[in-house]
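Encoded as structure tokens, the structure appears first; notes follow it.
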There are 4 protein chains.
Amino acid sequence: MDSIEKLTEIFKEFPGIGERQARRFVYFLMGRNGGYVGNLSQLITDLKKETAQCKECFRFFNLRYSVDKKNLCEICADKNTDPALLMVVEKDSDFESVKKSRVYQGKYFILGGLVPIVEKTTKSRVRIEELKAKVKNSKGLKEIILAFSLNPQGDHTDQYVREQIKDIAEKFSIKISSLGRGLSTGTELEYSDNDTLRNALKNRQ
Amino acid sequence: MDSIEKLTEIFKEFPGIGERQARRFVYFLMGRNGGYVGNLSQLITDLKKETAQCKECFRFFNLRYSVDKKNLCEICADKNTDPALLMVVEKDSDFESVKKSRVYQGKYFILGGLVPIVEKTTKSRVRIEELKAKVKNSKGLKEIILAFSLNPQGDHTDQYVREQIKDIAEKFSIKISSLGRGLSTGTELEYSDNDTLRNALKNRQ
Amino acid sequence: MDSIEKLTEIFKEFPGIGERQARRFVYFLMGRNGGYVGNLSQLITDLKKETAQCKECFRFFNLRYSVDKKNLCEICADKNTDPALLMVVEKDSDFESVKKSRVYQGKYFILGGLVPIVEKTTKSRVRIEELKAKVKNSKGLKEIILAFSLNPQGDHTDQYVREQIKDIAEKFSIKISSLGRGLSTGTELEYSDNDTLRNALKNRQ
Amino acid sequence: MDSIEKLTEIFKEFPGIGERQARRFVYFLMGRNGGYVGNLSQLITDLKKETAQCKECFRFFNLRYSVDKKNLCEICADKNTDPALLMVVEKDSDFESVKKSRVYQGKYFILGGLVPIVEKTTKSRVRIEELKAKVKNSKGLKEIILAFSLNPQGDHTDQYVREQIKDIAEKFSIKISSLGRGLSTGTELEYSDNDTLRNALKNRQ
């Protein structure tokens, strides 16, 4: 394999990229000047050097924003972050989406994946032990918000996490909630599935 | 215009049908045998004869299901229908969707359209006076559920109807609610819009 | 089954229409006034009365355009139609498409279908005997143009028809041709399949 | 701008990549281990070092395949490449597509772009002077094949290049051809545009 083939293989691992587009990326790079390519190569190296995983919420963040340079992200370190709320999400891009919406000012926890419905050994996949420890050590925590996508695996993960943290949450009088369900932007009644209608009716207000 | 052209024009008015498909329908009919076409023609005539508009909920229904043959649909006539709940929907196909889901056992009211945001003379379009009369005359009514699609026009209609029936609802101690909002089936957190996230967070439970 | 159900079943047979849209059609008709529905019903009956199948080219046409009212369509009856060319197409809508393009002034023949690749008894499906008779009786015919869609079944039909009419065409010195192949409008070289590239290269000019 | 922002900007320039996917790429890289990221960074640098632009056909190629290490690609250097044919394509990915199809064994020339219809100063954009020089110096050249995508800009480029190389081609008795036009794989007669039908009819055989 030459560098064209090797690079195509690597680009194929990028999210949403297939063989053909991976190859187009390589040809695109071949046609760019040395400055562009050198810059890209350097930035990729820099990104990794500048990136750390937060020891509290487990999201990847830029060390430049770290207050203490000790693996604590800017949100976990921020005194304005509401310690009473902890939102558990599947992955970094879910966190990004919520953060951008500016509708939430509490803490986050990246679970690191969803729990497959048929799987036995789930603990290896998701940070459930880390979550328990986090809950135990969080002073002033009042509510854990489970925020997973609304599909079978997300539902299963919701139930799994609830079950796992039930005892500890009860012990510390912490409420467990899940994101509300019903009509979302653009939902047309005529084409709604039964679950959405049931939730929309149940949660009417 | 010959019958091909005329029929194409009529099929173009069918929901979701453009010029090309309308023409394909005509050619399709030209190639079918006389029995099929005669049957279709007869059924269309029958449908109209058998159809009435319910004087209570304003939906179109099959007279065969009418108990008294006097323009009262089978749901409005059914003693098992819960008289405490009245769901207001935009159109017949929304009603169909909710009915099929089997999540609701109350009464219905077909408003007959949404209220355009920029329009002044809305009364001519939707059955707001009929709705007020219906509310006034409904014994045992406890709650009016506004069930419109979640888009700007649906929101506007929700506000408009609330405003219009506020006084009468208050007078008879009837609650006004709207369908719940939040994540709907298939919603992925990563790709959610701000409104959906805000509603999902606000309505968490 | 009531007329709603029966009519839904019939609309489901319309080209490209599924259960849901068929039902929407029925609801759409229920909500229209009697004049519209009566008109539609009448036009469907008229269409069939006014429609005949041309005895020469087998396409369905409006009798209003018939010169002799004796099952000869206006194109087959037109003296300006070029008798030297006969284009064989699969179905009426293919004929429509070519006619609308105004690039062809010869005669047509509707084969009535494509020949499935795996089928044995093909004669029952397509009008191959009628085509042979047509070729035998066509005075001044110089060229038969096979005009089928470019997919495996179209290719197979092309070969099948060529084989079937080879002898008779040779006897009367009639040329058999097929539509040209290569780049079609919008084809991008980058995304072209091998067959298209091969044809485009072979037929370069 | 931090390295996340900078890298997002760069990925946005990749073909077919928008803001959101560019950001997902960055998050994807943040979550990968150091080995993967180091490898990617190295390969991008290597790619550029290993890549040269062929002095004959102007395509980008891997120096590893160069015989003389002197900017002559493996196809231009190959004695089995047919010197009688020269295919002019817009860009590297068009060349790739033709090469992969294995339907052509002649030489190539990358024009470097299409000629915009409304533009005056086209010479700066495409390698028209380089093409003329190439034609002049190509021993044994019998035919130049113009192979552009079938859209208005591709058509315009075809005409422009023909006009520009007409004299020199005539002088050396070199034929100029364009890729054939007609039905391409998957074309359905019913949905064909007029141009495609006209070409398919004109180029029937």
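In table form, for the structure just shown:
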| item | result |
| --- | --- |
| Computed Rg/Rh of chain B, alpha carbon atoms with Kirkwood Rh | 1.05 |
| Label-reachable residues, the stretch D:53-78, where backbone N falls under 14 Å from a point 7 Å from D:Q105's Cα toward its Cβ | D:78 |
| Inter-probe distance in nm under a simple model that places probes 7 Å from Cα toward Cβ, at C:E143 and D:K142 | 2.7 |
| Amide H contacts under 5 Å for A:Y108, placed H, 5+ residues apart | A:M87 |
| Average Cα contact separation per residue, chain A, under 8 Å, 6 or more apart, as relative contact order % | 13 |
| Rounded if a/c under 1.5, otherwise prolate or oblate - the stretch C:1-63, Cα gyration tensor axes | oblate |
| For C:Q153, label point 7 Å along C-beta direction: distances to other copies, nm | 3.7, 3.7, 3.8 |
| Average other protein chain Cβ within 10 Å of Cβ, residues A:47-56 | 4 |
| Distant-in-sequence amide H partners of C:L183 (H built 1.01 Å from N, under 5 Å) | D:G180, D:R181, D:G182 |
| Percent of beta bridges antiparallel (DSSP, the protein assembly as shown, rounded to nearest 5) | 15 |
| For the protein assembly as shown: rounded, prolate or oblate by the Cα gyration tensor [a/c cutoff 1.5] | oblate |
| Karplus 3J(HN,Hα) series, Hz, for the stretch A:97-106 with 6.51 cos²θ - 1.76 cosθ + 1.60 (x for Gly, Pro) | 4, 5, 4, 4, 6, 6, 9, 9, 10, x |
| Formal net charge of residues neighbouring C:G140 (Cβ-Cβ distance under 15 Å; K, R +1; D, E -1) | +3 |
| Least to most buried among D:C54, A:C73 (fewest other Cβ within 10 Å first) | D:C54, A:C73 |
| Share, in percent, of DSSP beta bridges within the stretch A:1-158 that are antiparallel, nearest 5 | 25 |
| Distant-in-sequence amide H partners of C:V115 (H built 1.01 Å from N, under 5 Å) | C:T157 |
| Descending Cα extents along the principal axes, the stretch B:80-202, whole Å | 47, 39, 27 |
| Distance (nanometres) between label positions extended 7 Å along Cα→Cβ at B:E188 and A:K202 | 2.5 |
| Between the stretch B:137-200 and the stretch C:42-69, the alpha-carbon center distance in angstrom | 54 |
| Length released on extending from A:N33 to A:Q159, taking residue separation times 0.36 nm less the Cα-Cα span | 40.1 nm |
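No lab work stands behind these numbers, since they all come straight from the coordinates. As the structure is a computational prediction, the values presented were derived from the model and not from experiment. Cβ: placed from backbone, ideal geometry, glycine included. Neighbour counts: every protein chain shown.
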